[in-house]
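**Student:** I'd like to ask you about the structure that follows.
The values are calculated or read from the model by the stated rules, or taken from the named source; none is laboratory data. If you're wondering where the values come from, they're calculated on a predicted model, not measured in any experiment. Here the Cβ positions follow ideal geometry from the backbone for every residue, glycine too, while neighbour counts run over all protein chains shown.
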Amino acid sequence: MSTKQGTIDYILDQLVTLKNVSTRKMFGEYALYCDSKVVGLICDDTLYMKITEEGKKFVGKYYKEGYAYDGAKVSMQINEDRIEDHEWLSGLVSITAQNLLLPKYKKSKTKRSI
């Protein structure tokens, strides 16, 4: 089952106070970006955030682990009640982005002909 566009629109609406937040469709599901960093995945209409120590502290009693898809790394599974709280959700996304490194881009392995 893939994520509905309505779910993506709702999550982005909840994060409207943050700058540089976007999603990108990937294989019927979505990656959630903040400040050019993948901070989470939205799969089967469920939000999964990357785990950081600071994010775990922020989430506190709402911390629950889950997997976005088979073979995925463990993530924080965010329930619908927490998504409805736009200030809380914005705080978590912001904290996660602040505590992740920018992705490293791989150099091309193709050789150039002279």
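**Student:** Of everything in the range 1-53 that's among the basic types (Lys, Arg) and either without any contact (Cβ under 8 Å) to a residue 24 or more places away in the chain or at positive phi (or both), which residue is surrounded by the most Cβ atoms within 10 Å (Cβ to Cβ)?
**Tutor:** Lys25
**Student:** Now a separate question. Spot the failing condition for Ile51; the list is (1) in a helix (DSSP H, G or I); (2) modelled with pLDDT of 95 or more; (3) farther than 23 Å from Ser2 by Cβ, and only one is missed.
**Tutor:** With respect to (1) in a helix (DSSP H, G or I); (2) modelled with pLDDT of 95 or more; (3) farther than 23 Å from Ser2 by Cβ, Ile51 is out only on (1).
**Student:** Quickly run through the range 5-47 and pick out the residues that are in a strand (DSSP E or B) and closer than 15 Å to His86 by Cβ.
**Tutor:** Val21, Leu32, Cys34, Leu47 - these are the residues of the range 5-47 that are in a strand (DSSP E or B) and closer than 15 Å to His86 by Cβ.
**Student:** Quick check on the range 54-65: of everything there that is among the aromatic types (Phe, Trp, Tyr) and part of a helix (DSSP H, G or I), which residue is farthest from Ile83 (Cα to Cα)?
**Tutor:** Selected residue: Phe58.
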